[in-house]
Amino acid sequence: MGLIDVTARVAEGAALAADVEIGPFCTVGPHVTLEKGVRLLSHVNVTGRTSIGARTVVYPFASLGTPPQSLRYRGGDTRLIIGADCQIREGCTANTGTEDGGGVTRIGDACFLMVGSHVGHDCEVGSHVTFANNAVLGGHVSVGDHVIFGGQAAVRQFIRIGQGAMVTGLSGVRADVIPFGLAHGQNAELVGLNVIGMRRRGFAKSDIQRLRQAYATLFFGEGTFRDRVEALAACNDDPLIAEVIGFIMNNGTRALTMGVRRARGVEAA
């Protein structure tokens, strides 16, 4: 058995890998699974039917696996699944799912949740996602891989954030954000592409340029928005552009209602 501080409380039934570390005054519930190399530093609460992936580190006063903050929750046996190699910093919270939302809240691998971040019930968060301090997701939010949330960004329930997007600090997101999009403002609008993020991930300059051209055509070209979407979908086989078009076209019954504006100085050149 790993290192468990004498002041920690681990309930009978918890499944712990041999090398986990559980620091002072942590509490671990009976349905919790901690995989190899997990470290709960101190004063961490892990409860509910929660699984934490290998080598994830949880900092003081985080609370994971508590019941969803939803009036529709009926006490069901729902879950929270956290991937490997995450860092969950001080005061973060993540709730289990609800019966009506699929029953699972999921956080992928290598995510970085800074101080005070919150992942609401039934969220699906991809891998390599960064939450700056006090960034929060409402229930049922879907987040792709490599998304970045600035400090105190807030996303309302049922929103989709496409992979590689960035939401700047202090932004309130009320509508879907396209893949690689840059959302900015108190009532967040789409102001361009997350070019810096794409460069850091190693995208070729030519790929970024083609996506920029498609973005300009899509949002500032002639004709109706629907016509422009269909025209790009019909004549383009670029995988990055296809991902953006597919995201827009597969939005169920909702329209893509986020405002779009030209904003010099926000998108990195």
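The values are calculated or read from the model by the stated rules, or taken from the named source; none is laboratory data. Values in this document were obtained by computation on a predicted structure and should not be read as measured data. Neighbour counts run over all protein chains shown; Cβ positions are idealised from the backbone, glycine included.
Can you tell which of Thr98, Thr27 is under 20 Å from Phe158 (Cα atoms) and among the β-branched types (Val, Ile, Thr)? On inspection, the qualifying residue turns out to be Thr98.
Evaluate region 109-118: report whether one residue or more is closer than 26 Å to Asp77 by Cβ and touching an Asp or Glu at 6+ places or on another chain (Cβ under 7 Å). Yes, that holds for at least one residue. Assessment of region 117-140 against the conditions (farther than 22 Å from Ser51 by Cβ and among the charged types (D, E, K, R)) yields no matching residue. Pairs are defined by a Cβ separation below 8 Å, a sequence spacing of at least 6 or placement on different chains, a first member in region 184-204 that is within 11 Å of Thr168 (Cα to Cα), and a second member that is assigned to a loop (DSSP other than H, G, I, E, B) and among the aromatic types (Phe, Trp, Tyr); the pairs so defined are Asn194/Phe180. Candidates Val136, Val195: the one that is among the β-branched types (Val, Ile, Thr) and touching a helix residue (DSSP H, G or I) at 6+ places or on another chain (Cβ under 8 Å) is Val195.
Within region 74-99, the set of residues being within 17 Å of Pro60 (Cβ to Cβ) and out of contact with any Lys or Arg (no Cβ under 9 Å at 6 or more places or on another chain) comprises Gln87, Ile88, Arg89, Glu90, Gly91, Cys92, Thr93, Ala94. Do we find that Val119 is surrounded by fewer than 20 Cβ atoms within 10 Å (Cβ to Cβ), β-branched (Val, Ile, Thr), on the phi < 0 side of the Ramachandran plot and at pLDDT 95 or above in this structure? Considered against the rule, which asks whether it is surrounded by fewer than 20 Cβ atoms within 10 Å (Cβ to Cβ), β-branched (Val, Ile, Thr), on the phi < 0 side of the Ramachandran plot and at pLDDT 95 or above, Val119 comes out as no. Pick out the one residue from Ala11, Ala18 that is at pLDDT 95 or above, over 23 Å from the mean Cα position of the chain (by Cα) and farther than 30 Å from Glu99 by Cβ. Being at pLDDT 95 or above, over 23 Å from the mean Cα position of the chain (by Cα) and farther than 30 Å from Glu99 by Cβ holds for just one of Ala11, Ala18, which is Ala18. Look at region 210-224: where a residue is of a type outside the set (S, T, N, Q) and a partner is in a loop (DSSP other than H, G, I, E, B), sitting 6+ places away or on another chain with Cβ atoms under 8 Å, you get Arg210/Asp238; Leu211/Phe180; Leu211/Asp238; Ala214/Asn236; Ala214/Asp238; Phe220/Arg262. Of the residues making up region 118-144, those that are free of Cβ contacts under 8 Å to residues at least 24 places away in the same chain and among the hydroxyl-bearing types (Ser, Thr, Tyr) number 2. Scan region 165-184 and give yes if some residue there is in contact with a Gly (Cβ under 6 Å, 6 or more places away or on another chain), more than 21 Å from Leu113 (Cβ to Cβ) and not hydrophobic (A, V, I, L, M, F, W, C), otherwise no. There is at least one residue in region 165-184 that is in contact with a Gly (Cβ under 6 Å, 6 or more places away or on another chain), more than 21 Å from Leu113 (Cβ to Cβ) and not hydrophobic (A, V, I, L, M, F, W, C). Restricting attention to region 96-113, which residues are touching a residue at least 40 places away in the same chain (Cβ under 8 Å) and touching a Leu at 6+ places or on another chain (Cβ under 8 Å)? Scanning region 96-113 gives a single hit, Thr96. Residues in region 134-153 that are touching a Gly at 6+ places or on another chain (Cβ under 7 Å) and not in a loop (DSSP other than H, G, I, E, B) were compared, and the one that is farthest from Gly103 (Cα to Cα) is Ile148. When you scan region 104-116, do you find a residue that is in a loop (DSSP other than H, G, I, E, B) and polar (S, T, N, Q), even just one? Checked against the condition, which is being in a loop (DSSP other than H, G, I, E, B) and polar (S, T, N, Q), region 104-116 yields no hits at all.
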